[in-house]
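Student: Once you've had a glance at the structure underneath, I'll fire off some questions.
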Amino acid sequence: MADPYFVEGLPEDLNEDHFVKATALDGYVKACAVRTTGVVRDALKYHGTSPSVTAALGRFMTASLLISENMKNEDDTQTTIIKCDGPVRGMTCVCDSSFHCRAYPVNNCIEGDEVPNVKAAVGTGTLTIIRDIGLREPYCGQVELKTGGIGEDFTYYLMASEQTPSIVALGVLQENGVVKHAGGMMVQLMPGYSDRDVDYLESRAKGFPDFTYFLDEGFTPAQILDLFLGDPGINYLEASPVSFKCTCSKEKMSSGLVALGRNELTELAEDDKGIDTECRFCNSKYHFTPEELIKLRDDA
Ligand SMILES: [Zn+2]
């Protein structure tokens, strides 16, 4: 018998991070789910985050990946930014159209942080989404944070900014400083939906366990969508591997330096040891000698 959960693009090993998209309720519902355990483990490795920051950044990356699903062109990018007054101070995540993402928190470590508390770590602030999809101007939307819990904040953004009623459920499960599971799902109503569809989804959402509970029980993202939607007509559309991937390079760092301007570059070149620059997303270091700085200045 054919595997009912098979869809083009799934990784061979379903325990690897991946994204899956489906439609249900006669096409009036679009549903996406993603496993991000490896992504969040990488973020923890790069940034040495304390438990609440791991949970906040993990949820933020998961939500960012979920809403990046409608980017189509190879060069499309989406940048999500939270600016907040909680101890994490802020987070930035960049996704491309192939489900690669990279992210960093402003403050990686909260003192005395033992039991993850995302809302306390984030507090109040704003959520900004910038989509560069090849138009003359990038699309930019911003909302106030609703609760700082990330899921509610993205739900609010999708309603306020994109007029799409959505359920966004996110989870990061940690055990003894290790990310055991991470992932989430986004279920959206499509134009033409009825009140019955709304009622149906609300009843399904009531008491539905955490996403990471199902991952811990061995369910795949596609199976979790199936459990949530409870619709025999569910139609899996596509899937894709997901990973933390930084795209930094010395060349890209150079353009950042050039943007500082001639005077600043001249000043930096006066230090005969040169300068070290560091990528905020993955901590890779790039060294520039005084000669290289002068060359950047003169070629600019
Ligand atoms: Zn990097």
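Student: Say we look at the range 18-70 and pick out the residues that are more than 14 Å from the chain's Cα centre (by Cα) and in a loop (DSSP other than H, G, I, E, B); which of these is nearest to residue 112 (Cα to Cα)?
Tutor: For the range 18-70, the residue satisfying everything is 50.
Student: Counting only residues that are free of Cβ contacts under 8 Å to residues at least 12 places away in the same chain and charged (D, E, K, R), how many does the range 112-147 have? Give the derivation first.
Tutor: First pass over the range 112-147, keeping only residues free of Cβ contacts under 8 Å to residues at least 12 places away in the same chain: 112, 135-139, 146.
Now drop any that are not charged (D, E, K, R), which leaves 136-137, 146.
So the answer is 3.
Student: Would you check which residues across the range 215-236 are surrounded by 21 or more Cβ atoms within 10 Å (Cβ to Cβ) and within 20 Å of the chain's Cα centre (by Cα) and list them?
Tutor: If the condition is that a residue be surrounded by 21 or more Cβ atoms within 10 Å (Cβ to Cβ) and within 20 Å of the chain's Cα centre (by Cα), then 215, 221, 222, 224, 225 are the ones that fit.
Student: When residues of the range 242-274 are filtered for being farther than 30 Å from residue 69 by Cβ, crowded, with 16+ Cβ neighbours inside 10 Å and in contact with a His (Cβ under 9 Å, 6 or more places away or on another chain), how many remain?
Tutor: Of the residues in the range 242-274, 0 are farther than 30 Å from residue 69 by Cβ, crowded, with 16+ Cβ neighbours inside 10 Å and in contact with a His (Cβ under 9 Å, 6 or more places away or on another chain).
Student: Which number in (1) touching an Asp or Glu at 6+ places or on another chain (Cβ under 7 Å); (2) at positive phi; (3) of a type outside the set (Lys, Arg) marks the one condition that residue 76 misses?
Tutor: Among (1) touching an Asp or Glu at 6+ places or on another chain (Cβ under 7 Å); (2) at positive phi; (3) of a type outside the set (Lys, Arg), the lone unmet condition for residue 76 is (2).
Student: Also, I was wondering about something else. Name the residues in the range 169-185 that are touching an Asp or Glu at 6+ places or on another chain (Cβ under 8 Å) and of a type outside the set (Lys, Arg), would you? Break it down stepwise before answering.
Tutor: Going residue by residue through the range 169-185, those that are touching an Asp or Glu at 6+ places or on another chain (Cβ under 8 Å) are 169, 171, 173, 180-181.
If the condition is that a residue be touching an Asp or Glu at 6+ places or on another chain (Cβ under 8 Å) and of a type outside the set (Lys, Arg), then 169, 171, 173, 181 are the ones that fit.
Student: Name every residue in the range 176-197 that is in contact (Cβ under 8 Å) with a residue 60 or more places away in the chain, polar (S, T, N, Q) and exposed (fewer than 14 other Cβ atoms within 10 Å of the Cβ), in order of residue number.
Tutor: Result: 194, single match.
Student: Only one of these is surrounded by 12 or more Cβ atoms within 10 Å (Cβ to Cβ), among the small types (Gly, Ala, Ser) and over 23 Å from residue 18 (Cβ atoms): 239, 300. Name it. Let's see the steps before the verdict.
Tutor: Numbers: 239 fails: over 23 Å from residue 18 (Cβ atoms).
Answer to the selection: 300.
Student: From 10, 25, grab the single residue that is touching a residue at least 60 places away in the same chain (Cβ under 8 Å) and touching a helix residue (DSSP H, G or I) at 6+ places or on another chain (Cβ under 7 Å). If you could, list the steps in order and put the result at the bottom.
Tutor: On the way: 10 fails: touching a helix residue (DSSP H, G or I) at 6+ places or on another chain (Cβ under 7 Å).
The unique qualifying residue is 25.
Student: Mind listing whichever residues of the range 3-29 are touching a Leu at 6+ places or on another chain (Cβ under 8 Å) and of a type outside the set (Phe, Trp, Tyr)? Step through it out loud before you land on a result.
Tutor: We begin by selecting, within the range 3-29, every residue touching a Leu at 6+ places or on another chain (Cβ under 8 Å); these are 7, 18-25, 28-29.
Scanning the range 3-29 gives 7, 18, 20, 21, 22, 23, 24, 25, 29.
Student: Restricting attention to the range 273-294, which residues are more than 9 Å from the ligand (Cβ to nearest atom) and acidic (Asp, Glu)?
Tutor: Restricting attention to the range 273-294, the residues satisfying the condition of being more than 9 Å from the ligand (Cβ to nearest atom) are 273-277, 285-294.
Within the range 273-294, 276, 291, 292 qualify.
Residues checked against (1) touching a Pro at 6+ places or on another chain (Cβ under 9 Å); (2) hydroxyl-bearing (Ser, Thr, Tyr):
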{"position": "225", "(1), (2)": "no, no"}
{"position": "237", "(1), (2)": "no, no"}
{"position": "255", "(1), (2)": "no, yes"}
{"position": "271", "(1), (2)": "yes, no"}
{"position": "279", "(1), (2)": "no, no"}
{"position": "290", "(1), (2)": "no, no"}
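Student: Further, regarding this structure: Out of all the residues in the range 236-259, is one or more on the phi > 0 side of the Ramachandran plot, within 16 Å of the ligand (Cβ to nearest atom) and touching a residue at least 24 places away in the same chain (Cβ under 8 Å)? Outline the logic, then answer.
Tutor: Taking the range 236-259 as the starting set, the residues that turn out to be on the phi > 0 side of the Ramachandran plot are none.
No, that holds for no residue.
Every number in this text was worked out from the coordinates using simple rules, so none of it is lab data. Source: prediction; values computed, not measured. A quick note on method: Cβ atoms are made from the backbone with ideal geometry, for glycine too, and the neighbour counts reach across all protein chains shown.
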